[in-house]
Amino acid sequence: MKKILEIGLIVSLTASLAACSSGTKVPETSATTTDSPASSSAAAKITISSIEGTWQIPLSATGEGLKKLNEKFNVDYKPQFVPYDEYGAKLPVVMAAGDLTDIIGMESADANFFKWVKQGAFLPLNEYIDKYPSLKLVPKSVWDAVTVDGKIYAIPQYFPAKYGKKPVIRQDWLDNLNLKMPTTYDELKEVAIAFTKDDPDKNGKNDTYGIALSKQIVYGAHMGAQWDSGWYNKNDQGQLIPGIISEGFKEQTQLLADLYKEGAIHKDWAVSKMTDISKDFYAGKYGIWYEQPVGVDQVLFESMKEQMPTAKLAVIPAFKQEDGEQGYTSLPGYYTLTMLNAKLESDPDKINRILQMQDYFRTFIPVDNRNPQNPDFDWSNGGEGVGYQMVDGVMAYDAALYDKRPSSYFSGVTGWAPNDEANEPAKLVSSPFVKSFVNSAAELLKNTKFYINPVDRIHSEVLAAKESELNLIAQEWQTKMIVGQEPVSNWSKMVDEYMKKGGKEMINDVNKILDSSGIKGEWK
Amino acid sequence: MYNQKSMSGRLADIMNIILLGLLALLMLFPFYYMFTISFTSYEEYKLSELIFWPDRWVTDAYTYILKSKAFIHSIGVTIYVTAVGSLVNIILTATMAYAITRNIWGQKVYLFLVLFTFIFSAGMIPTYLIVKATGLINSYWALIIPGAINSFNLIVIRQFFLSIPSELNEAALIDGANDLQIFTRIVAPLSKPAFAAFGLFYAVGHWNTYFDAILYLNDPSKWTVQVILRQIVILNDTTNSLASAARDAARSGHLPPGETIGMAAILLATLPILILYPFLQKHFAKGVMLGSVKG
Amino acid sequence: MNQSNGAPAIAVEIPSLQVSRTRKLKIRLWRERYLFLLLMPGLLYFILFRYIPMLGNIIAFQDFSPFRGFLQSNWIGFQHFKTIFSDQEVIRVLWNTLLLSFLQIGFAFPVPIILAIMLNEIKNERYKRIVQSIIYLPHFLSWVVVIGIVTIFLKTEGIVNRLLDSLLGIDPISFLQQPGWFMPLIILEVIWKEAGWGTIILLAALSGINPSLYEAAVVDGANRWRQIWHITLPALRSTIVILFILRLGTVLDSGFEQIFLMLNPFTMDVGNVLDTYVYFKGIQQADFSFGTAVGLFKSLIGLILILVANRMAKKFGEEGVF
């Protein structure tokens, strides 16, 4: 579950970065505090090192932005950025070699995170949290995810819980074929097949597919909490089970298998990269794909509008479930973690300086204040005319100026918004086509219910150790089911294997912890 | 050389020539394909990926890449690492190989030490620790020193030295030359073709260095071209790695090209070593170098 | 060793009956001082960067924790090695590794030999040179690039499928997604990338053949095949044997990068080999001890195979590596 969400986030972040460079502003790092933290910490210059993963071309530890950062906080900050694809190998080696930096970034609280917590790599942060306003904003449900035996070992970084990737449909194709927005899986199937066979773009060619799918089934056809990979469904014993082995998930796997058979899914999906599929969607090849209201890739949107002036995108509302609920699973509310090296324990000055910097960049600037008149906004983006420009009231900057912006060196850190709506994503884009999509998506999600996955809030050793391996097993089965190498009717065989290889143990452990902590899944 | 006049012999010859020619074309085809695609517009490519000769030759893909400072910089870095690295490789390999060619005290032990590493090697972490302890982290030398000698190459070069007639050494000794002088004045000049060949072996290795750069170099501006290339080809992440170029593309209403950029990047990154290659190939075409693998 | 002593004639004449052994050694070392000068950089390198890190392999017998270090981590004896033999997955991975290796030896190993013989038969030097230059080329590409090309070529909408469709009317084949295609593709890739390059060593051995041998054979009326059989192949034999022995020593290596890049959910069952398994477990899941244990196990098998092969080679009258 977590893994799948992560991958989704990866894409959204990637997209948001591309959006930055393409001339607009996404929710960005900024602050409202007017008094510079530097004044309160003018004491000695402190050298601070960090290592973190990144989804873009990594920045060198030079550049004007870094210089400004060093001056303001009176530090010698030495950040190290590693592409995420390599980070999974580099961090363990660095860790094992005892060559750890002061600040360590990780993508999520995965098995390695808990292993290292147990080995004593990270500093417990409980006593510092109340000192920093932006840390106090973090809800308990999010702290829960990084707490082990009552100790908090990481600072979660903000990501809007509601604005993850949602299924998006070509409204103009629906209109062309006189179809309505699907509300059940049967209707979805009809629509997807019509998108494939009835020439929805009216170009006279048989060159479209109903639904886009990429390798690892990152996004399937998850039309609500009952059908996605979150822990929503229960088994016969009343235990909560992971979505990936649930009946709901089976239903959507069956749909994908049917669509594959009908040719409504591309034959190469299982070896296609998500970035490629995304590009193809915006080139008009697919009718249904996933998109989010924040940090969209405006380059892709604009090229779509250019080629298909009538194109219109809409989020598909969640389907009504058997239990009467209707809504999507919410994201955990954070993306990426920041840890401090346990060795800093004896150096409170350094700890505080690091947290001051974190606090500064974690302080939310209301969207309406994001202009050159706001000193914090102006400073963290490198200054108007230097690090950014205002175009149509929206900040725009060139990728070439990336190293002139102090915020670039804290790129994983975003202001902690009071609520998701406060991000006002539509105000951050300039192109009318993007704006209309973002507006309608945000409006729809505002009135959508979200399921809070309780498992995001607890720490189970067994889950940490087993989950990703088990997911791979299920994914292998499901991939084969979709392409027809394995009948979907063998679902129970998959569940058996999943249970035998540790799934049973994991479900028991998770449910035990849920029961004893009183944490439950809830709709919000 | 050996004149065979019979009909069947002629026929076999012709078959052989044709077959090899076809094989060579098969080997060459992907290069040709990459070349044409890299000059094809993305729109045309999207319409049909089966293009042997584009309707319109465009240099968009190259313009995109050459705009990326990171890519060009990484090529410079890689050229530097490859040149210095191969030189260090050859010097260290040849000197050691020569020393254990001669009846030096402990010769068998040294030879064993080398052969043993064919089979047993150290893990990633202990190696990282040594690189760290020797202060090489974040230095180009971290890409050069830890792999300074390839045991296999060392053994083959040693075999080559062994095949040099020993009379040459003896004559030099009588003239009063010491071992160092024998090596630099007699053995090394005779071994130029071998050095060229092994220099190329090593150079290819350096040129394709990828994971070591990620592991040992903390500063991205020191990364080699394969790291960048990987982002472009495997992740097909042109919007990120070449962000400003993608933005320009969007402004002009074109799709940011994916595969065509990948092809162009591969060709650009392979070009330097392809340029180097004919010069060195001349040497080992002579064939001298390894008449000796058999010892 | 067909090389004479480092310092002949002159040195031997020192009257040495009375000289103690240490003195003798000192004299010898002094005499060989320049050789040691040449040896030292390389020797230092081997000790520092190859042998000292090798000591780190002790973590194979530990439950290694980086925060305790190499000596303080818990010792658990052969537990990891027991896991290697009891874990179902490891056994499957081992089987994949061996199967792939033997397929490679069966199909990829002979290709450079055949190519070298074919090239050797070409009389037009220029044509030969051109062909050689071309078939060496793929070696210069990294695996990232090769797999990138393969993927683009073999997509269902890729050039290979389009050609199959237009020439033979065959429906698109999803090469990359069918487990059955995995090993053949790996082998074809290896052949494409390395076969040409592999001829270098063999051609060098062939260049040492005295042309008069062929001339004599012609006079004796030997046809082309007999010439290859009686002159060309024997000239290659010892090189082939050495290459074969060395290949056996690496029978559990599969070329990590290539396999890693080719794996996907369909091919995981047939394609996961020791190298990739160690990477997933040992590095990504940070189980360093287990990864190291598998590495040691691999080396041990390699050592045994190389010794056996060497012994066999000697039995059949070849020189072997040692």
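Some points to look at:
- On inspection, B:L143 does not qualify as assigned to a helix (DSSP H, G or I), modelled with pLDDT under 90 and out of contact with any strand residue (DSSP E or B) (no Cβ under 8 Å at 6 or more places or on another chain).
- Of all the numbered requirements in (1) within 10 Å of chain C (Cβ to nearest Cβ); (2) surrounded by fewer than 19 Cβ atoms within 10 Å (Cβ to Cβ); (3) of a type outside the set (S, T, Y), B:D175 misses one, and that requirement is (1).
- Segment B:138-157 - residue that is closer than 17 Å to B:A97 by Cβ and more than 10 Å from every other protein chain (Cβ to nearest Cβ) and, of those, farthest from the chain's Cα centre (by Cα): B:I157
- Residue match in segment C:282-305 (condition: in contact with a helix residue (DSSP H, G or I) (Cβ under 9 Å, 6 or more places away or on another chain), within 11 Å of chain A (Cβ to nearest Cβ) and over 30 Å from C:I76 (Cβ atoms)): no
- Evaluating C:F70 against the criteria (1) in a helix (DSSP H, G or I); (2) modelled with pLDDT of 85 or more leaves one unmet condition, (2).
- Listed conditions (1) over 27 Å from A:Y451 (Cβ atoms); (2) polar (S, T, N, Q); (3) assigned to a helix (DSSP H, G or I) are all met by A:S141, apart from (1).
- Residues considered: A:A441, A:A422. Of these, the only one that is within 19 Å of A:P317 (Cα to Cα), touching a residue at least 12 places away in the same chain (Cβ under 8 Å) and small (G, A, S) is A:A441.
- Total residues in segment A:285-295, condition touching a helix residue (DSSP H, G or I) at 6+ places or on another chain (Cβ under 6 Å) and β-branched (V, I, T): 1
- Any hit, segment B:209-226, residues being at pLDDT below 75, surrounded by fewer than 21 Cβ atoms within 10 Å (Cβ to Cβ), at the interface with chain A (Cβ under 9 Å from one of its Cβ atoms) and not in a loop (DSSP other than H, G, I, E, B): no
- Filter result for the condition that a residue is more than 25 Å from the chain's Cα centre (by Cα) and surrounded by fewer than 20 Cβ atoms within 10 Å (Cβ to Cβ), over A:A417, A:A422, A:A400, A:A396: A:A400
- Filter pass, C:A309 being of a type outside the set (F, W, Y) and either surrounded by fewer than 18 Cβ atoms within 10 Å (Cβ to Cβ) or within 21 Å of the chain's Cα centre (by Cα) (or both): yes
- All positions within segment C:138-175 that are outside any loop (DSSP other than H, G, I, E, B) and away from chain B (no Cβ under 14 Å): C:L168, C:F175
- Taking first residues from segment A:340-366 that are more than 24 Å from A:S408 (Cα to Cα) and partners that are small (G, A, S), the Cβ contacts under 6 Å between residues at least 6 apart in sequence or on separate chains come to A:A342/A:G120; A:A342/A:A121.
- Checklist (1) outside the structural domain of A:Q56 (by TED's automatic domain parsing); (2) part of a helix (DSSP H, G or I) applied to A:G324, failing item: (2)
- Single unsatisfied condition, B:A196 versus (1) modelled with pLDDT of 85 or more; (2) more than 9 Å from chain C (Cβ to nearest Cβ): (1)
- Just one of the numbered conditions (1) surrounded by fewer than 22 Cβ atoms within 10 Å (Cβ to Cβ); (2) more than 9 Å from every other protein chain (Cβ to nearest Cβ); (3) farther than 30 Å from A:D368 by Cα; (4) modelled with pLDDT of 85 or more is not true of A:N70: (3).
- Taken across segment C:217-229, residues that are assigned to a helix (DSSP H, G or I), in contact (Cβ under 8 Å) with a residue 24 or more places away in the chain, of a type in the set (A, V, I, L, M, F, W, C) and at negative phi do occur, with at least one present.
- Some residue of segment A:395-410 being of a type in the set (D, E), over 29 Å from A:Y290 (Cβ atoms) and not in a loop (DSSP other than H, G, I, E, B): yes
- Only listed residue being over 19 Å from B:I155 (Cβ atoms), among the β-branched types (V, I, T) and at the interface with chain C (Cβ under 7 Å from one of its Cβ atoms), chosen from B:I104, B:I125, B:I119: B:I125
Let's see how each residue does on (1) in the same structural domain as B:V225 (by TED's automatic domain parsing); (2) at pLDDT below 85:
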site: B:M27; (1), (2): no, no
site: B:Y33; (1), (2): no, no
site: B:T36; (1), (2): no, no
site: B:T40; (1), (2): no, yes
site: B:K46; (1), (2): no, yes
site: B:E49; (1), (2): no, yes
site: B:F52; (1), (2): no, yes
site: B:R56; (1), (2): no, yes
site: B:L66; (1), (2): yes, yes
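- Condition check for A:L135: in a helix (DSSP H, G or I) and either buried (at least 20 other Cβ atoms within 10 Å of the Cβ) or within 11 Å of chain B (Cβ to nearest Cβ) (or both): yes
- Of the residues making up segment C:229-243, those that are more than 10 Å from chain B (Cβ to nearest Cβ) and farther than 12 Å from C:L202 by Cβ are C:W229, C:H230, C:P234.
- Unique residue being at the interface with another protein chain (Cβ under 10 Å from one of its Cβ atoms), in contact with a His (Cβ under 7 Å, 6 or more places away or on another chain) and at negative phi when the list is C:W192, C:W197: C:W197
- For A:M223, the test of being more than 30 Å from A:V455 (Cα to Cα) and of a type outside the set (S, T, Y) is failed.
- Per-region count, segment B:80-97, residues facing chain C (nearest Cβ under 7 Å) and surrounded by fewer than 24 Cβ atoms within 10 Å (Cβ to Cβ): 2
The values are calculated or read from the model by the stated rules, or taken from the named source; none is laboratory data. Because the structure is a prediction, the values reported are computed rather than measured. Cβ: placed from backbone, ideal geometry, glycine included. Neighbour counts: every protein chain shown.
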